[in-house]
1. Give the residue from VAL427, GLY390, PRO359 lying farthest towards the positive end of the charge dipole for region 356-429; charges sit on Cβ (+1 for Lys and Arg, -1 for Asp and Glu) and the dipole is referred to the Cα centre.
2. For region 95-127 and region 227-253, compute the distance between their C-alpha centroids and round to whole Å.
3. Evaluate the Debye formula for region 279-344 with equal point scatterers sitting on the alpha carbons, no solvent, and hand back log10 of I(q)/I(0) at q = 0.12, 0.13, 0.21, 0.27 Å⁻¹, in q order, two decimals.
4. Send over the Kirkwood Rh of the chain, from the inverse of the averaged 1/r over different Cα pairs, rounded to one decimal Å.
5. In straight Cα distance, which lysines are under 24 Å from LYS456, not counting same-chain residues fewer than 8 positions off?
6. Counting only Cα, what are the radius of gyration and maximum Cα-Cα distance Dmax of region 325-477, in Å?
7. Between GLU414 and ASP261, what FRET efficiency follows from the Cβ-Cβ distance if R0 is 30 Å, with the result rounded to 0.05?
8. Dimensions of region 152-229 along principal axes (Cα, Å, largest first)?
Amino acid sequence: MTDATLNTPSAHASADDRIGPVLDALDADRDGARARLFDFLRIPSISTDPAYAVQCAKAADWLVGDLAGIGFEATAHATGGHPIVLATQHDAPGPHLLFYGHYDVQPVDPLELWESDPFDPQIVDLADGGADKAIRARGASDDKGQVMTFVEACRAYRAVHGALPCKITILVEGEEESGGKHLPGFLEAHADDLRQADVALVCDTGMWDADTPAITTMLRGMLGEEVVVQGPDRDLHSGFYGGAAANPITVLSQILGALHDADGRVQIPGFYDGVPEMPATVMAQWDALPFDPGAFLGEIGLSRPWGEQDRSVLEQTWSRPTAEVNGIWGGYTGAGFKTVIPSTAHAKLSFRLVGQQDPEAIRQNFRTFVRERLPADCTVAFHAHGASPGTVMPIEADHFEKTRAALTREWDREAAFIGCGGSIPVVGEMQRILGLDTLLVGFGLADDRIHSPNEKYQLRSFEKGARSWARILDALA
Ligand code: BES
Ligand code: ZN
């Protein structure tokens with residue numbers, strides 16, 4: 001326990017009187033909470049695939065129903081894409097909190113690698129034989145399970161005290177996983193109401209490890225690009241034309257191969273403009289975290305860090321920008337063999353961004369980098385995907401320490417301030433459009449297999465996550 005105020009008997013007594021019965025109510029209704037989450041998880045709300053649009057709407061409606069049942073005024077707003085759920089309960093005197101989550105999930109392929117139906121949630125024992133069990137389903141961790149930790153905390157608080165401790169607005173969108181374009185417009189259209197909030201809460205990140213809760217203090221941004229290189233105007237016989245005809249797959253791979261130098265630095269001009277060095281205080285926090293790069297890489301079948309050689313693995317994944325090829329295709333990839341020089345070659349890339357890196361400037365610099373390396377006779381087309389800058393949270397704000405103390409109490413382990421390699425574009429949008437800072441608290445674990453087959457959420461994450469939010473709401477009230 002680090003927060004001296006927590007050890008003051010009077011502070012203890014009044015806080016415990018209020019929060020103790022709420023925690024008891026959460027413990028008493030574990031089965032109910034699990035059943036509700038399972039209902040939510042059974043809805044295959046895959047946002048990227050238009051075939052699941054009806055299921056996305058169904059997930060939004062399910063949430064509206066559940067939130068209305070605990071006193072929220074809740075509506076699923078049509079957006080032109082998937083609906084956005086907005087729910088309010090503002091009759092408390094305390095501060096106004098805007099909670100964000102997403103009900104959409106990633107596709108499930110390759111389906112054959114799942115050990116059970118991704119939309120038929122199961123309680124499973126963990127492979128390492130640990131005492132804890134987990135919920136296996138698509139969306140269990142990212143992000144339905146995490147959303148429901150917050151909803152369950154609200155439900156219990158209201159059941160015990162008849163009202164929430166703070167004014168709460170809940171916004172749950174359905175396009176987070178597919179780079180949807182409708183959220184910023186929605187924030188703008190509802191800005192007058194949403195700006196009333198004092199701070200945003202997001203539950204879409206992880207703990208430091210299975211026993212150590214965390215507040216994520218920085219997120220990387222993301223830029224998506226798709227490239228199509230065209231050479232000959234049709235697919236060719238690779239014997240008849242081979243040697244004379246430019247092969248777009250070779251051209252594209254040479255260009256992509258030039259993106260990094262031998263030390264892992266990205267070679268696009270201006271790429272590192274606006275990339276800050278981390279302050280000594282942050283580096284000291286990270287150095288103090290018990291982190292074993294060998295174990296981190298060993299767990300995924302690797303042994304040595306790949307990227308920038310002069311950076312630690314935590315820096316590489318939290319505070320340094322990257323260029324990654326996410327997919328590359330062209331030519332013949334089917335069964336057997338076909339001697340072809342293809343007409344086109346394709347790649348999808350994503351860049352993780354930090355600090356003041358300007359996503360649109362990097363997009364243009366990347367395109368110039370490709371065009372400058374394109375041989376005569378080849379042409380290139382680009383398709384833009386999302387663009388969001390990196391974000392850093394103001395950890396000196398009062399609510400960070402209050403939240404840290406609440407987490408530390410629940411987990412009996414000092415909560416860590418950590419970075420995050422992933423991106424949650426809404427955090428930057430809420431800052432830009434609404435002027436709101438965000439508190440990122442989540443209970444996912446590194447081995448939750450989000451976006452992969454056999455996604456799971458530890459029961460402990462779900463149950464102690466809900467207890468954590470109850471404590472946080474109480475601490476912020
Ligand atoms: N919940 C994740 C972000 C995340 C990843 C948090 C890892 C903590 C650890 C989120 O749903 C996600 O996957 N975001 C995408 C955003 C992209 C599509 C713009 C990402 O990071 O790739
Ligand atoms: Zn997520």
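1. PRO359
2. 42 Å
3. The Cα Debye sum returns log10 ratios of -0.54, -0.59, -0.95, -1.27.
4. Every distinct Cα pair counted, the radius reaches 24.0 Å.
5. Of all the lysines, those that pass the test against LYS456 - Cα under 24 Å, at least 8 places apart if same chain - are LYS58, LYS133, LYS144, LYS464.
6. Final numbers for Rg and Dmax: 22.4, 69 Å.
7. With a Förster radius of 30 Å, E is 0.15.
8. Over region 152-229, Cα extents along the principal axes are 62, 39, 20 Å.
The values are calculated or read from the model by the stated rules, or taken from the named source; none is laboratory data. Here the structure is a predicted model, which is why all the values come from computation and not from measurement. In this analysis, Cβ positions are derived from the backbone assuming ideal geometry, glycine residues included, and neighbour counts consider all displayed protein chains. When the accessible area is computed, the model is the full protein with side chains, heavy atoms only, and any ligands, DNA or RNA have been set aside. Shrake-Rupley method; radii C 1.70, N 1.55, O 1.52, S 1.80 Å.
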